[in-house]
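Q: Below are the structure tokens for one structure; questions will follow.
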Amino acid sequence: MNTADKVFDRLVRLCYESVLSDASWHEVLATLAEVAGHEQGLLLFRGKSDPAGTVSSLLRLDAPGGLAGDDWQREMRLSSLFGDARKVGNWYHQVEKPGQEGFGSHSDQPCSFSSIKLHQQPEAGLLLTLVTEKKIGSPDPGQRKLLDSIAPHLVRAAGLSERLAALQHQVATRNLMLDLHPTPVWLVSPRGERIYCNGAAERCLSQAGFPLRECQGQLHCKIHDARLRHAFGLAAGMQGSPRAGLLSLGPSYHQQLLISPAPKALTVAFRRESLALLACLESVLPAVLLTDLFQLTPAELRLTELVTQGHTLEECSACLEISINTVRSQLRSVFCKTGTSRQAELACLIVRLGAC
């Protein structure tokens, strides 16, 4: 294996390591700068609230004698690359001489830079740029070939990082919502092992008369324990498609237990194939909590309300001013999220929850 192949393999490995570790982006910048004849590198982020872009203070490679500290005025010139017609995944190389208006106009040194868009959407973008001030000239044909070869991996890694960050944000937001919610909520394994619970759930377990208890890390019910554990398995999909269930604790208790399939984001975050979400409810469940537990979109919630009121799909289509195919698509999504398979079954579940 020649040197170029070794460098390419190392860059590919670093690209995908960067998905899980931001520190690897620094190594990516250092390796790219070395093989492309540049001295400095940076990642420029652009968000909805910062259209000009912001140079990352962590994901930046500074060179001795080059731009120091926060003196990255060049980002103002680089930010224009977000809005032009250049496509994601294509390298752009430019050389500028001292005094030339543009990228290096503030410097008395010639400079050259190579940039590639890694991610661009109307409200966000990511630009990787390599810079040199000590010599003038673009990467040679061999260096450009290597840069072009690694470009798809850079774009793919940036996309994976973006999706992972979005997932982590979603999970963190949901965990915060659950933790602050007054309704006691548990995340459990198919066998009833407690994976997570919010503050309200912790307080309930400490009460002597509460119908649930925890023993050796597993949740048990003082009455109907067998039915509860069966419901865990159903919600986690251990006996076919995941299905939601409602367990009444009898006339001595005012609460009901809702056991539903956990959202996919939570199973991925906790690295479990399947989980169940358990909520201890009072006699009436507000629609907002129904939305939180089943992760229904506003459109799906409106459709669920109409179906529960006995409207046909055609009537729902006319009322919501959407096509019948859209109604069917949304209904399939509601069935999947609530663990039901028929309109009557969905209506029965929602009515019993008192949400509509």
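The values are calculated or read from the model by the stated rules, or taken from the named source; none is laboratory data. Remember, predicted model here, so these are calculated numbers, not experimental data. With ideal geometry, Cβ positions are generated from the backbone for all residues, glycine too; neighbour counts draw on all protein chains shown.
Q: Which residues, counting only those in the stretch 333-356, are at pLDDT 80 or above, in a helix (DSSP H, G or I) and among the basic types (Lys, Arg)?
A: 337
For every residue, the table says whether it meets (1) within 31 Å of the chain's Cα centre (by Cα); (2) at positive phi; (3) of a type in the set (Phe, Trp, Tyr).
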site	(1), (2), (3)
185	yes, no, no
209	no, no, no
224	no, yes, no
242	yes, no, no
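Q: Out of all the residues in the stretch 314-332, is one or more touching a Phe, Trp or Tyr at 6+ places or on another chain (Cβ under 6 Å), polar (S, T, N, Q) and part of a helix (DSSP H, G or I)?
A: Restricting attention to the stretch 314-332, the residues satisfying the condition of being touching a Phe, Trp or Tyr at 6+ places or on another chain (Cβ under 6 Å) are none.
Within the stretch 314-332, none of the residues are touching a Phe, Trp or Tyr at 6+ places or on another chain (Cβ under 6 Å), polar (S, T, N, Q) and part of a helix (DSSP H, G or I).
Q: Quickly run through the stretch 195-235 and pick out the residues that are within 22 Å of residue 263 (Cβ to Cβ) and acidic (Asp, Glu).
A: 202
Q: Further question on the same structure: Out of everything in the stretch 314-339 that is among the polar types (S, T, N, Q) and surrounded by fewer than 20 Cβ atoms within 10 Å (Cβ to Cβ), what residue ends up being farthest from the chain's Cα centre (by Cα)? Steps first, answer last, please.
A: Here is the first cut: in the stretch 314-339, the ones among the polar types (S, T, N, Q) are 317, 323, 325-326, 329-330, 333, 338.
Those left that are additionally surrounded by fewer than 20 Cβ atoms within 10 Å (Cβ to Cβ): 317, 323, 325-326, 329, 333.
Values: 317: 31, 323: 30, 325: 28, 326: 25, 329: 23, 333: 20 Å.
Ranking the candidates gives 317 first.
Q: Related question: Looking at this structure, is residue 291 assigned to a helix (DSSP H, G or I) and modelled with pLDDT of 75 or more? Don't jump to the end; show me each part of the working.
A: Working: assigned to a helix (DSSP H, G or I): yes; modelled with pLDDT of 75 or more: no.
So residue 291 does not fit the description; no.
Q: For residue 138, indicate whether it is modelled with pLDDT of 65 or more, assigned to a loop (DSSP other than H, G, I, E, B) and among the small types (Gly, Ala, Ser).
A: On the way: modelled with pLDDT of 65 or more: yes; assigned to a loop (DSSP other than H, G, I, E, B): yes; among the small types (Gly, Ala, Ser): yes.
Yes.
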